[in-house]
Amino acid sequence: MADSEGSARCLLLVGCGKMGTAMLRGWRAAGVAERFLVVEPAGTPPGIGPAAEIDWYRASEQVPADLTPDAVVLAVKPQVVDVVLPAYRRWARPETVFMSIVAGKTLAGLAGSLGRAAIVRTMPNTPAAIGRGITVACANSLVTSKQRQLCGCLLAAIGESAWVEDESLMDAVTAVSGSGPAYVFLLIEALARAGEAEGLPSDLALRLARSTVAGSGELARITGEDPGQLRENVTSPGGTTRAALDVLMSTDGLEPLMQRAVAAATKRSRELAS
């Protein structure tokens with residue numbers, strides 16, 4: 001059973017793709033558990049060498065029957081989760097919490113395969129692969145305070161985390177932070193192409209766009225200042241930035257476009273979860 005500080009004796013990770021690998025690396029570095037058991041049909045992923053504290057399995061049937069994990073972390077693809085989950089129903093007991101990072105799978109949907117189990121549904125995003133993600137979590141009524149603390153420690157290994165009590169908010173979370181990295185990557189692409197259109201060499205335009213977006217995001221994160229104030233700090237009256245912002249902040253500019261995009265993603269998230 002997990003101790004009072006949120007660490008665990010044993011964690012079972014189901015699926016070790018990019019996100020699973022990122023979590024496993026973070027957990028080992030943070031020392032969140034004494035023992036890790038990983039079920040991954042493809043075998044050990046690149047970049048993770050042999051370790052005494054990790055046991056690898058290619059199928060759930062190979063996991064010892066007497067195992068009592070503190071947490072079972074579900075990191076499989078949404079397309080296969082319904083097929084994979086029933087094999088882990090044997091650990092649906094009060095001392096084990098299931099933490100899912102499966103996109104679009106609701107608490108009720110997970111419980112349909114697991115039965116009466118303590119379940120935490122999460123929505124991470126791809127920067128978690130470098131330990132800079134943001135994950136939002138939502139727990140069902142069977143999750144204890146200690147189990148919530150343990151899940152918080154597990155999520156801390158891949159970046160920041162936040163909790164919501166209303167599961168319906170997870171659709172908007174998916175639209176903002178889950179899908180959000182794609183919007184930022186599109187911004188980099190668009191900014192680079194705009195630079196090319198003004199005569200910049202393509203490699204330089206991409207370098208400028210990528211570093212500007214990354215640096216600006218880091219500045220916003222580190223300072224914690226209101227983004228509107230940071231924007232004003234760059235903007236001189238009658239200057240070049242003001243000329244560009246007059247376009248981006250027009251009635252048909254970036255903000256209404258982003259609102260439509262997030263609304264479309266939220267709607268699609270609800271459809272996929274139904």
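The values are calculated or read from the model by the stated rules, or taken from the named source; none is laboratory data. Bear in mind that the values here come from a model prediction, so they are computed numbers and not experimental data. Cβ atoms come from the backbone with ideal geometry, glycine included; neighbour counts cover every protein chain shown.
At a glance:
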item: Enumeration of residues in segment 59-93 that are without any contact (Cβ under 8 Å) to a residue 40 or more places away in the chain and either aliphatic (A, V, I, L, M) or touching an Asp or Glu at 6+ places or on another chain (Cβ under 8 Å) (or both); result: 59, 65, 80, 81, 83, 85, 87, 92
item: Residues within segment 160-196 that are aromatic (Phe, Trp, Tyr) and over 26 Å from residue 140 (Cβ atoms), tallied; result: 2
item: Residues located in segment 163-217, provided they are of a type in the set (A, V, I, L, M, F, W, C), surrounded by fewer than 16 Cβ atoms within 10 Å (Cβ to Cβ), closer than 29 Å to residue 269 by Cα and not assigned by TED's automatic domain parsing to the domain that holds residue 126; result: 182, 184, 185, 186, 187, 190, 214
item: Test: residue in segment 1-14 that is of a type in the set (A, V, I, L, M, F, W, C) and under 18 Å from the mean Cα position of the chain (by Cα); result: yes
item: Among the residues listed as 119, 158, 134, the single one being hydrophobic (A, V, I, L, M, F, W, C) and under 22 Å from residue 264 (Cα atoms); result: 134
item: Set 70, 66, 82: member being more than 25 Å from residue 161 (Cβ to Cβ) and either among the basic types (Lys, Arg) or in contact with a Ser or Thr (Cβ under 7 Å, 6 or more places away or on another chain) (or both); result: 82
item: Criterion (free of Cβ contacts under 8 Å to residues at least 24 places away in the same chain, more than 22 Å from residue 114 (Cβ to Cβ) and in contact with a helix residue (DSSP H, G or I) (Cβ under 9 Å, 6 or more places away or on another chain)) met by exactly one of 51, 22; result: 51
item: Sole residue being touching a residue at least 12 places away in the same chain (Cβ under 8 Å) and within 30 Å of residue 229 (Cβ to Cβ), chosen from 215, 195; result: 195
